[in-house]
Amino acid sequence: MLFDLSNAPVEELEDELFLQKEVSLSVLRLDTLHPVVSGNKLFKLHYFLTAAISAGHSPLVTFGGAYSNHLVATAFACREAGVPCTGIIRGEQPEQLSHTLQHCISYGMDLNFVSRATYDKKEDESYLRSLKKLYGACIIIPEGGYHPLGATGASKIMELYDTAGFSHICTAVGTATTLAGLLIGCREGQQIIGIPVLKGLKDIGERILYLLGYHATVKQPEIQDQYHFGGYAKKTEGLLHFMNDCMERFRLPLDFVYTAKLFYGIMDGIRNDHYPPGSRILCLHTGGLQGNDSLPEGSLNYH
Ligand SMILES: *Cc1c(COP(=O)(O)O)cnc(C)c1O
């Protein structure tokens, strides 16, 4: 792996509520792997990077919008691995680049802005062929790392950490690739819980079938889809208040796009007796804190 996992500990949180409900809540602090790069993204990229390296450092090409955590992670990981990379960016180039894209450039990623109409063809065979013509023998990573190799990479989270003692393992869901990785790596009797951050993500079952590939499994995740707060990157005053509260109570910084919604859902579940006494819950803090850069100054008591 390209990073030092000893920087990402499992921490048990303390609170009256947990004592009262007789549950424990621990957090896998993948956010502390790197200040800008989301921890789960590095895992998802693992096998694409090793493929690029063994092909003689062939370039990686991937896709994202102006705030994509996946793009920054790819830019960073490629720099560490000495692999050239290009990001195909949705929409015309703006005058002022987002913080995210500025980070991508600082890590050495080439940015190629394309119209929304072109971007929408990012899964078409003919478009992908034209990219291979343009960039030579490159490896193309789908948007968000949504690919069986991404899921296998994410499953290393379960392999590299001692997660055997947890009864419930929870993650935020965007493309569901990380969730699929947890399913690949989980044991008998462990419940994997996904909390979607998008509204109306109805095809998680099909996504998981595609992502699991040859890891045929009968295990299904539990999806709690009532915590999206109106949709992707949408937020409420209540959510920001919850984030400030988590910082004060637990010294836990959260991002408003993914991990705040995940934590809100878990705390709500604990309060409403969704987790039986004796439950040992592990929650993935996948990172994403750079996304808070887009919030108005003063929204949070940290950052
Ligand atoms: C991308 C991302 C996720 C979602 O991961 P998927 O594998 O796409 O479901 C969760 N948390 C953070 C911080 C992310 O950047």
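The values are calculated or read from the model by the stated rules, or taken from the named source; none is laboratory data. Worth saying up front: this structure is predicted, and the values here are computed from it rather than measured. So basically every Cβ, Gly included, is an ideal-geometry build from the backbone, and we count neighbours across all protein chains shown.
Condition check: within 15 Å of the ligand (Cβ to nearest atom), of a type in the set (Lys, Arg) and in contact with a helix residue (DSSP H, G or I) (Cβ under 8 Å, 6 or more places away or on another chain). Does Arg207 satisfy that? For Arg207, the condition - within 15 Å of the ligand (Cβ to nearest atom), of a type in the set (Lys, Arg) and in contact with a helix residue (DSSP H, G or I) (Cβ under 8 Å, 6 or more places away or on another chain) - is met. Residues in segment 76-102 that are within 16 Å of His34 (Cβ to Cβ) and either buried (at least 20 other Cβ atoms within 10 Å of the Cβ) or touching a Pro at 6+ places or on another chain (Cβ under 8 Å) (or both): Phe76, Ala77, Cys78, Thr100.
So if I check each of Gly185, Gly144, Gly194, which one is farther than 21 Å from His274 by Cβ, surrounded by 20 or more Cβ atoms within 10 Å (Cβ to Cβ) and within 12 Å of the ligand (Cβ to nearest atom)? Going through Gly185, Gly144, Gly194 in turn, the sole match is Gly144. Applying a threshold of 8 Å to beta carbon distances and a minimum spacing of six or more residues, or different chains, the list of pairs starting in segment 78-93 at a residue that is touching a residue at least 24 places away in the same chain (Cβ under 8 Å) and closer than 23 Å to Glu123 by Cα and ending at one that is in a helix (DSSP H, G or I) and among the basic types (Lys, Arg) reads Arg90/Arg116; Gly91/Arg116. Which residues, taken from segment 53-68, are in a loop (DSSP other than H, G, I, E, B), of a type in the set (A, V, I, L, M, F, W, C) and farther than 11 Å from Leu111 by Cα? Listed by number, the list holds a single entry, Ala55. Restricting attention to segment 152-168, the residues being within 14 Å of the ligand (Cβ to nearest atom) and either closer than 18 Å to Ile266 by Cβ or basic (Lys, Arg) (or both) number 2. Test Cys170 against the stated conditions and say whether it is modelled with pLDDT of 95 or more, surrounded by 13 or more Cβ atoms within 10 Å (Cβ to Cβ) and within 21 Å of Thr259 (Cβ to Cβ). The answer is yes for Cys170.
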